[in-house]
Amino acid sequence: MEKRVIRDPIHGYIHISEQLIWDLINTREFQRLRRIRQLGSTPVVFPSGTHTRMLHSLGVYEIARRMLEEVDDLRETLNEREKLRVQAAALLHDVGHFPFSHSFEAIMSCSHEDYTIRIIKGPSEIRNVLDEVDKAFADEVAAIIRHTHPNTILSQIISSQLDADRLDYLLRDSYFTGTAYGRVDLDRILRTMRVRNNVLALKQSSIYTVENYIMARYHMYWQVYFHPNSRSFDSILKSLFLRLKDLYEMDPGIADEYPMYRALLEKQWLSNDEFFLLDDETCSYSFNLMRNSSDKVLQDLAVRIMDRHLFEYTNSEHENELIETCLRKGLDPRYYVIKDHQRQIPYLPYQGYNESDSIWMAMSDGGLRELSEVSTVVGSLMDINEQDERVFYPEELMK
Ligand code: ZN
């Protein structure tokens with residue numbers, strides 16, 4: 001096919017020269033990602049961070065494609081069949097994402113990875129496109145995403161400590177939120193990437209680039225992803241869905257009022273068709289409806305979400321006190337006193353699971369060493385185990 005390009009503010013162009021990739025982009029399941037924001041609740045803090053999962057997925061594909069072309073060890077050792085599978089896996093790695101990112105996951109019994117695999121395996125338009133190449137294709141793409149493919153390097157490209165996924169989301173999320181923490185030197189990472197002992201590694205001379213990457217990731221987590229106000233929004237969202245579930249248990253008739261959640265309320269697994277309908281726009285519409293609910297709790301939580309009346313937060317040692325006040329005021333603390341705990345370790349190397357849990361440096365003597373042994377900066381960061389526990393509550397409670 002004639003080479004196509006898609007404009008992108010992070011990579012300049014996304015290059016597509018395989019018909020398969022173009023056909024996958026044009027499936028309804030991939031197009032759904034246009035209606036799922038990458039950062040869920042983050043725009044309540046960083047209003048410009050409204051980019052979609054579709055943009056990010058195209059970006060991960062582009063970085064993976066560049067790795068396969070620009071990293072000599074990958075270009076020369078992988079065959080065309082493997083390269084095509086890696087590119088498809090990069091493009092599809094997030095197709096099972098829910099609206100509102102991980103806060104929605106908290107109310108589902110299955111993770112977005114589970115749905116990603118189900119959509120790839122079908123029935124789905126994606127499965128039909130993959131089957132046209134050959135019948136084993138879908139299983140191989142799923143194996144790359146699940147880290148069960150016999151050639152482990154294929155999975156490392158998409159998901160490891162320094163992979164196409166993380167590189168794209170750090171660059172993209174920092175660009176779109178307007179923060180400067182996530183800027184990593186992608187060109188240099190690609191230039192100095194090597195394969196040694198079937199492990200993706202960076203040349204020793206890239207040590208400062210890698211240190212910068214670790215710091216970028218660490219800062220993005222605390223400054224953007226774990227921002228207390230977006231966690232506050234997530235707490236309200238979780239309370240809203242908990243209330244909806246409770247109401248359904250009292251009277252299943254509530255599913256008639258919110259038919260978009262019927263399948264979710266009635267069973268554990270959604271079919272691919274039901275999953276397809278779940279997106280940001282569906283959720284926004286449901287909040288609009290809930291605004292007029294006769295249930296005061298559901299109504300209050302929906303108004304809070306839509307009008308950004310966030311919960312306040314305080315140190316978790318005040319939890320009991322808040323619960324007591326809540327009960328005294330006739331409110332149910334299950335919806336109005338929400339504890340949230342976040343933890344981020346800047347870098348935690350190889351713990352005996354697999355190679356992709358560490359960052360490896362290709363030393364000038366030909367050997368391979370784990371990052372924290374080579375970098376004193378990263379070595380000293382390993383003692384940091386930052387935790388943050390807060391309780392979120394409506395400000396009226398403390399009045
Ligand atoms: Zn991703």
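Values quoted throughout were computed directly from the atomic coordinates according to the rules given, and no laboratory measurement underlies them. Remember, it's a predicted structure, so these values are computed and weren't measured experimentally. Cβ placement follows ideal geometry from the backbone for every residue including glycine, while neighbour counts extend to all protein chains displayed.
Things worth noting here:
- Leading residue by the ranking (farthest from Y347 (Cα to Cα)) among those in region 140-164 that are touching a Phe, Trp or Tyr at 6+ places or on another chain (Cβ under 9 Å) and not small (G, A, S): L162
- The residues of region 226-260 that are buried (at least 21 other Cβ atoms within 10 Å of the Cβ) and within 30 Å of A180 (Cα to Cα), listed by number, are S230, R231, S232, F233, D234, S235, I236, L237.
- Restricting the first member to region 56-81 and to residues that are touching a residue at least 24 places away in the same chain (Cβ under 8 Å) and away from the ligand (no atom under 16 Å from the Cβ), and the second to residues that are assigned to a helix (DSSP H, G or I) and of a type outside the set (A, V, I, L, M), the beta-carbon pairs closer than 6 Å and six or more apart or on different chains are L68/K83.
- Flag for R85 being farther than 25 Å from F276 by Cβ, out of contact with any strand residue (DSSP E or B) (no Cβ under 6 Å at 6 or more places or on another chain), more than 12 Å from the ligand (Cβ to nearest atom) and among the basic types (K, R): no
- Considering (1) more than 15 Å from the ligand (Cβ to nearest atom); (2) touching a Leu at 6+ places or on another chain (Cβ under 9 Å); (3) basic (K, R), the lone condition that R53 does not fulfil carries the number (1).
- Residues (part of a loop (DSSP other than H, G, I, E, B), within 15 Å of the ligand (Cβ to nearest atom) and farther than 16 Å from Y61 by Cβ) located in region 148-188: S160, Q161, L162, G182
- Positions within region 36-49 being touching a Phe, Trp or Tyr at 6+ places or on another chain (Cβ under 7 Å) and surrounded by fewer than 23 Cβ atoms within 10 Å (Cβ to Cβ), in sequence order: V44, S48
- Close pairs from region 371-389: first surrounded by 14 or more Cβ atoms within 10 Å (Cβ to Cβ), partner of a type in the set (D, E) and in a helix (DSSP H, G or I), Cβ under 7 Å, at least 6 apart: S375/E211; V377/E211; V378/E211
- Residue match in region 12-33 (condition: of a type outside the set (V, I, T), touching a Ser or Thr at 6+ places or on another chain (Cβ under 8 Å) and closer than 28 Å to Q223 by Cα): yes
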